[in-house]
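A.B. asks: Below: one structure in structure tokens.
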Amino acid sequence: MSARVVFTQGFARRYTDGVREFEVEAKNLRGVLKAMDALYPGLMHHLEEETNVAINGELHETGYFQPVPPGAEVFFIPRIEGG
Amino acid sequence: MNDSTIVTDSTKRFKWVGTRPIRPDGVPKVTGRALYGADLKLPGMLFGKVLRSPHAHARIVSIDTSAAEKLPGVKSIVTSADLPAQKFDYIGPERVAVNFWHVTRNILAREKVLYEGHAVAAVAAISASVAQHAAELIKVEYEVLPHVIDVDEAMADNAPLLFEDMITRGIEPAPTKPSNISKKLEFAIGDVEAGFKQADVVIEHTFKTAAVHQAYIEPHACLAKAEADGQIEIWSSSQGHFAMRALTAQIIGAKLGDIRVTPAEIGGGFGGKTVTYLEPLAAMLSKKAGLPVRLNMSREDVFRASGPTSGASMWVKIGVKKDGTITAGEGIFKFQAGAFPGSPVMNGCLCAFAPYAIPNQHAIGYDVVSNRPKAAAYRAPGSPIAGYAVESVIDMCAKAIGMDPLELRIKNVAGIGTPTISGPKHAHAGFKETLEALYNHPGYKAPLGKNQGRGVACGYWFNGGGESSATMQINADGTVLVATGSPDIGGSRASMAIMAAETLGIDYSNVRAIVTDTGNVGYTHVTGGSRVTFATGIAVVSATNSAIKELCKRAAMIWDVDPDGVIWEDGFAKPASSNVGDFKPLSLKELAAKAAATGGPITTSAGVNPGGQAPGFSAQFYDVEVDPDTGRVDILRAVCAQDVGRAIHPSYVEGQLQGGVAQGVGWALNEEYIYNAKGQLDNPGFLDYRCPVASDLPMIETIMVEVPNPVHPYGAKGVGEACICPPMAAISNAVTAATGMRMAELPMSPPRVLKALSS
């Protein structure tokens, strides 16, 4: 099932030629990362090291195992640290 | 105890969750027997001392340690030459993603000192006085350079540069000239210009906030013991001993597996103990001396050399319709990073408008270095600063359209599906419920007297999830040990024991929760980001469920039935149905006693990386009285409503809310770093750096709104940070209500208020 992958403007400017939105087929976040890495070789490393992810608004670390429901919005955002 | 809990999920279904048992660390702490970093001693231990820069900005021409080395009793001296070079890169080991080129220069200065108090060298000697004398014998030749403290001045074209090659990141094309602006960030949704055109009223204002310290009671301290074979043991007061291990390993060039860190009790952190200052120095001193070394900061060291949160200079513009609909919000947020890049300005940009459904938003952030200690995290880092500016302008909008400021916020409050400025939509409820709880508080409409005013504000924090580990041991007498890797700052041992007791169905008094060292539990990220009750709580429940599975297996062995035929209920293994057989339920204690016969010790562990943490949302109102003769602001009433998910231990949740409010009051009214013309700090102590004391505060009333987080087994949400976001704006709004004037700079100290009243 396809998911809508979205990057912030800054991330897209740096790594995806400014393109912010993609449709990918994936069951889990690993699938999303692989699909994006196939489009932009090396992108998986940047996503793992620099981002957190919101899957339908729920925040997660950018790991492999998080399920991606059909039609989900997968939004990669800058990594946040608290106090 | 504060009996003002509002429960939206009113089904009472727990025996221990929501109760208030005594915390496991309570007795040692109130009897003075708990061991903090500075209490620890080892045979042959040396005393360390750090030599610090007297200058705000200077080039280091030379460091001569020869006289100090000759002093009897001196065992080792460390300078930056003893630490390996670090690559200029923002990626670090494990989850500690920082630029170690900067970190190593903060631990010990190299080419330049960048703030007064910057560490230059460290010595270890047989006594504190010998170490002090040796530090005085180290000759450092400086070439003093012009300095800059204020963020606006640091951004000016002619400002002294801390790094002559710093080119601002985030600007395209990249600037050709270096500056003190480390990074520019920009976030936007919608179209702000179109949004402002839809508004009936547009208000903009500038604001400044002072850098404030977390003001933890316990200064930083650690003890290190390095062996000749490379093994190193460290005892340290920190918010994350795994983080201390990772940072130390990287800074001194050791392997993670060679360092074992044991957490001491911690006397407060609030974000300021997620970074390292002393551990790598103590480890290197110990390695060179061959003896254990303890390093402590003095209170003055803490103020001069450890990270406060940023001060800031901000501009915010908000448009609103006459019916109260906010149509657009825009902000420019310039944050002091201190001497090295890394202020929480991104968080400020992301949190600034987060409590509200504003379709058009634009936030620009600047991370700016200046000659002051490197900023560190402080509760909800960045959010309270940006929130102060935004919530002040929202108050001005409410006044301009003649609407109650809380009603304006309720009308615009974010809910599930509301887009945020970074793009994702809010996924959790609780904001509206919290605002309504505050609005319905009987004090909100109570009359006020002369020179008195009431102000409200809201605050948002993401809260955290991430990696946590827990282990569980079932002891032979039926007691249970729960060990985690999360240093306990806010009573988390009690909440871990509560969740384990609830899940097992046994008495709380039979569960002992401890925080254990890096060698005895899996990796656990720092106690920060309001993540522990959520993420480490999930690890504890997961380890407990594994123990229950094992207990059921042991019962099945005793009954000679299939393990699937055994269930766990209220602390007993029972047959799942009459088809399994007629067996007397076996208690945990009975099964524990048979552990050897049924397969050996019952011990389980869990390592998790949960997401789905719900954000924190707090709404508060304050009643203040302003003395027109002195400018002093008294807090008459402070009411804090917050969505707490479910309060696992309500007393410690209330404590978090009250603590956030108390620190926010200090931030609003008194706390600031005062630098002299040489860039030296003039108030590095609690006598002159004015934190609120008990007599400054009324009883802080809390309203715990419980909207459980469905992702957590008991509904917990982080509670430790959102509560510090509203006080500064709410108190400022109250001062405006009392005096008719808008204070746009923190702190609103008596001299500043008096000056404003006079003008």
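Quick note: the coordinates plus some simple rules give every number you see, no bench work behind them. Predicted model only: the values in this text are computed from it and were never measured. All Cβ positions, even for glycine, are placed from backbone atoms using ideal geometry, and neighbour counts span all protein chains on display.
A.B. asks: What average count of beta carbons from other chains do you get within 10 Å of the Cβ of residues in A:70-80?
C.D. replies: 4
A.B. asks: Same structure again: Modelled label-to-label distance, residue B:41 and residue B:101, 7 Å Cα→beta-carbon offset: nm?
C.D. replies: It works out to 4.5 nm between the two label points.
A.B. asks: Within chain B, which DSSP H helices have Cα atoms that stretch 27 Å or more along the helix axis and a mean Kyte-Doolittle hydropathy of at least 0.5?
C.D. replies: Helices meeting the span and hydropathy rule in chain B are B:537-559.
A.B. asks: Beta carbons within 10 angstrom, averaged per residue: use that to sort the peptides B:277-283, B:391-397, B:406-412, highest first.
C.D. replies: By packing density, highest mean first, the sequence is B:277-283, B:391-397, B:406-412.
A.B. asks: Report the label-to-label distance for residue B:227 and residue A:34 in nanometres (one decimal), using points 7 Å from each Cα along the Cα→Cβ vector.
C.D. replies: Going by the 7 Å Cα→Cβ label model, 4.3 nm.
A.B. asks: Given the rule -39500 (n - 2.57) for each run of at least 4 DSSP H residues, summed and divided by the residues of chain B, what is its mean residue ellipticity at 222 nm, to the nearest 500 deg cm²/dmol?
C.D. replies: -7500 deg cm²/dmol
A.B. asks: Under 5 Å between amide hydrogens, which residues at least 5 positions from residue B:673 or on another chain qualify, with H placed 1.01 Å from N in the peptide plane?
C.D. replies: Here the answer is B:211, since their amide H atoms fall under 5 Å of that of residue B:673.
A.B. asks: Which order do the peptides B:252-261, B:716-725 take when ranked by the mean count of other beta-carbon atoms within 10 Å per residue, highest first?
C.D. replies: For the peptides B:252-261, B:716-725, the packing ranking is B:716-725, B:252-261.
A.B. asks: Another question, if that's okay. With a point put 7 Å past each Cα toward its Cβ, work out how far residue B:172 is from residue B:62 in nm, to one decimal.
C.D. replies: Calculated label separation equals 4.9 nm.
A.B. asks: While we're on this one: Looking at the protein assembly as shown, what % of its DSSP beta bridges pair antiparallel, to the nearest 5?
C.D. replies: 75 percent
A.B. asks: Under 5 Å between amide hydrogens, which residues at least 5 positions from residue B:267 or on another chain qualify, with H placed 1.01 Å from N in the peptide plane?
C.D. replies: Those lying under 5 Å, H to H, from residue B:267 are B:218.
A.B. asks: Looking at chain B, what % of its DSSP beta bridges pair antiparallel, to the nearest 5?
C.D. replies: Around 75 percent of the beta bridges assigned by DSSP in chain B are antiparallel ones.
A.B. asks: While we're looking at this one, here's another question. So, by mean Cβ neighbours within 10 angstrom, what's the order for B:301-307, B:362-368 with the highest one leading?
C.D. replies: Sorting B:301-307, B:362-368 by mean packing, highest first, produces B:362-368, B:301-307.
A.B. asks: In peptide B:418-425, how many Cβ atoms from other protein chains are near each Cβ within 10 Å, on average?
C.D. replies: The mean count of partner-chain Cβ atoms within 10 Å per residue comes to 6.
A.B. asks: How big is the gap, in Å, between the Cα center of region B:233-309 and the Cα center of region B:601-651?
C.D. replies: 29 Å
A.B. asks: What pairs in B:49/B:288; B:553/B:574; B:75/B:255; B:112/B:678; B:445/B:717; B:29/B:49 have C-alpha atoms more than 18 Å from each other?
C.D. replies: From B:49/B:288; B:553/B:574; B:75/B:255; B:112/B:678; B:445/B:717; B:29/B:49, over 18 Å: B:75/B:255; B:445/B:717; B:29/B:49.
A.B. asks: Let me ask another. How much length is gained if the chain between residue B:206 and residue B:407 is pulled fully straight, taking 0.36 nm per residue apart and subtracting their Cα-Cα distance, in nm to one decimal?
C.D. replies: 69.9 nm
A.B. asks: Now for a separate question. Report the full-extension gain for the segment residue B:165 to residue B:755: residue separation times 0.36 nm, less the Cα-Cα distance, to one decimal in nm.
C.D. replies: The residue B:165-residue B:755 span can extend by a further 208.3 nm.
A.B. asks: Subtracting the Cα-Cα distance from 0.36 nm times the residue separation, let me have the gained length for residue B:451 to residue B:577 in nm, one decimal.
C.D. replies: Working it through step by step, the gained length comes to 38.3 nm.
A.B. asks: Using only atoms on other chains, find how many Cβ atoms lie within 10 Å of each Cβ of peptide A:54-64 and report the average.
C.D. replies: 6
A.B. asks: Find out how many positive minus negative residues lie around residue B:162, taking Lys and Arg as positive, Asp and Glu as negative, among other residues whose Cβ is under 12 Å from that of residue B:162.
C.D. replies: Around residue B:162, the charge tally is +2.
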